[in-house]
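Right, one structure below, let's go through it.
The values are calculated or read from the model by the stated rules, or taken from the named source; none is laboratory data. As the structure is a prediction and not an experimental result, all values here were calculated from the model. Heads up, the Cβs are rebuilt from the backbone with ideal geometry, glycines too, and the neighbour counts pull from every protein chain shown. Only protein heavy atoms, including side chains, enter the accessible area calculation; ligands, DNA and RNA are left aside. Shrake-Rupley method; radii C 1.70, N 1.55, O 1.52, S 1.80 Å.
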Amino acid sequence: MSAVEPDAPAQGEPPATAAAQDDGMTWWYRLMCRLAGVLGGISCAIAGLWNCVTINPLNIAAGVFMMVNALILFLCEAPFCCQFIEFANTVAEKADRLRPWHKAFFYCGMALFPIFLSFTITTLFGNAIAFATGVLYGLSALGKKGDAVAYAKLQQQKKQPDEEKQQAGT
């Protein structure tokens, strides 16, 4: 490394974005969320197309929204699937900068809208994986589970002042 490049990554390492470092997600959990997003997009697209094969206008509207949801999931989670769209990479970069809880609310909300529009088995199961993607992002926003030893030490520290107060009162 030279003085000109003090923060350059080591050779062979991909440059990490600031959002990827801040969210605290491990690589395998991030991959699982992306895979759930792609599978959610596939299920939304198939169920949305199936939902459009009807004469009920609410089912058709729900099917169209499900296909739009599939496109949004593909744009945000797997932009390589949308190479024919010029702005796919910029949308994916902006989606990567979002906090996990933002993605959770967005994905869960867009998965629930077609269900409220037309409550059928097709819309329910078609949006289930997209909703699960939002739940996975929501769980990542909660953070890591605490260490049992550190929790026990914290509880012990809380008990010590109580014991001192009891001894001083007697």
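Annotations
- Positions within region 69-87 being within 15 Å of Met110 (Cα to Cα) and open to solvent by 70 Å² or more (accessible area, probe 1.4 Å), in sequence order: Leu71
- Residues that are open to solvent by 70 Å² or more (accessible area, probe 1.4 Å), free of Cβ contacts under 8 Å to residues at least 60 places away in the same chain and of a type in the set (Val, Ile, Thr), drawn from region 43-60: Val53, Ile55
- Of all the residues in region 113-134, those that are open to solvent by less than 60 Å² (accessible area, probe 1.4 Å) and either polar (S, T, N, Q) or under 15 Å from the mean Cα position of the chain (by Cα) (or both) number 10.
- Meets criteria (in a helix (DSSP H, G or I) and in contact with a Ser or Thr (Cβ under 7 Å, 6 or more places away or on another chain)) for Ala70: no
- Applying a threshold of 9 Å to beta carbon distances and a minimum spacing of six or more residues, or different chains, the list of pairs starting in region 70-86 at a residue that is on the phi < 0 side of the Ramachandran plot and ending at one that is modelled with pLDDT under 80 and assigned to a helix (DSSP H, G or I) reads Leu71/Cys82; Phe74/Cys81; Phe74/Cys82; Leu75/Cys81; Leu75/Cys82.
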